[in-house]
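Data first, discussion second: the structure below is written as structure tokens.
The values are calculated or read from the model by the stated rules, or taken from the named source; none is laboratory data. This structure is a prediction, so every number in the text was calculated from the model and none was measured. Neighbour counts are summed over all protein chains in view; Cβ atoms, including those assigned to glycine, are modelled from backbone coordinates with ideal geometry. Accessible surface is based on the protein model in full, side chains and every heavy atom, while ligands, DNA and RNA are left aside. Shrake-Rupley method; radii C 1.70, N 1.55, O 1.52, S 1.80 Å.
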Amino acid sequence: MKAKHNLEHIIFNSWKKKSLIKNLNTSAEKIIVGVSGGRDSMVLLATLLRCIPKQQLIVVHCHHGVGGHANFRDQADQVVANFCKKMGVVFERFKSERVLNSEAEYREFRLSCFETQCRKHSAVIVAMAHHRDDWLENQLMKLIRGSAFASLRNNFDWAQHKQRKFFIWRPLCQVGRADIESYRVQYKVLFIEDPSNRETVYFRNWIR
């Protein structure tokens, strides 16, 4: 499929780099796509659908369950489900059965869901919507926490998860938040804003 927008070219070129990754089984056809319903992940899904056959994509939405902002989570679930139905792409939903209380617990829940779907669909690649601004935030957080400078050179585009048997693909890692918003506006990509993004009690939000 021919890419038409610069963002699509970036993603397509990032996808081609997979052949350079050691130990990556490039014969695997399925790609697990983590989609929260937020701007970044909805744009990621929209661009992937323009660059990669939809039969290869498995959309995974992780509902963090009851607790704070439960109404938003239900709405986000519907946004992703409706978009996948409209586009004819496989949609897999997970909902936490217990209350999650921290960013670490949210992340562990999502990774567990991705790992489950990798096993189900014999996939080894999980696409996530982290972008350049996220990378900069990560570096600042590492420095503040006293990480060694060597850790700042870790690959952000393609990386093998150390504890889980899949590779994380971040095709938006060379793209800024403003570029993502520009694409969203141009192609009218529907999304829902997570209210917790405005809560500076979370370290990442405070950094942002």
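Being farther than 12 Å from Ile125 by Cβ, among the hydroxyl-bearing types (Ser, Thr, Tyr) and more than 12 Å from the chain's Cα centre (by Cα) is the filter here; which residues of the stretch 6-59 pass it?
Ser19, Thr47 - these are the residues of the stretch 6-59 that are farther than 12 Å from Ile125 by Cβ, among the hydroxyl-bearing types (Ser, Thr, Tyr) and more than 12 Å from the chain's Cα centre (by Cα).
Residue check, Arg107 against (1) among the basic types (Lys, Arg); (2) in a strand (DSSP E or B); (3) closer than 29 Å to Gly176 by Cβ, all met but one. Which one?
Of (1) among the basic types (Lys, Arg); (2) in a strand (DSSP E or B); (3) closer than 29 Å to Gly176 by Cβ, only one is false for Arg107: (2).
Out of (1) open to solvent by less than 40 Å² (accessible area, probe 1.4 Å); (2) modelled with pLDDT of 95 or more; (3) out of contact with any Leu (no Cβ under 8 Å at 6 or more places or on another chain), what's the single condition that is false for Val79?
(3)
Would the stretch 195-204 turn up any residue that is open to solvent by less than 50 Å² (accessible area, probe 1.4 Å), under 27 Å from Cys84 (Cα atoms) and at pLDDT 80 or above?
no
Taking Ala46 as meeting all but one of (1) aliphatic (A, V, I, L, M); (2) modelled with pLDDT under 95; (3) in a helix (DSSP H, G or I), write down the number of the exception.
(2)
Do you know which of the residues in the stretch 82-103 that are of a type in the set (A, V, I, L, M) and closer than 19 Å to Cys118 by Cα is most open to solvent (accessible area, probe 1.4 Å)?
Selected residue: Val90.
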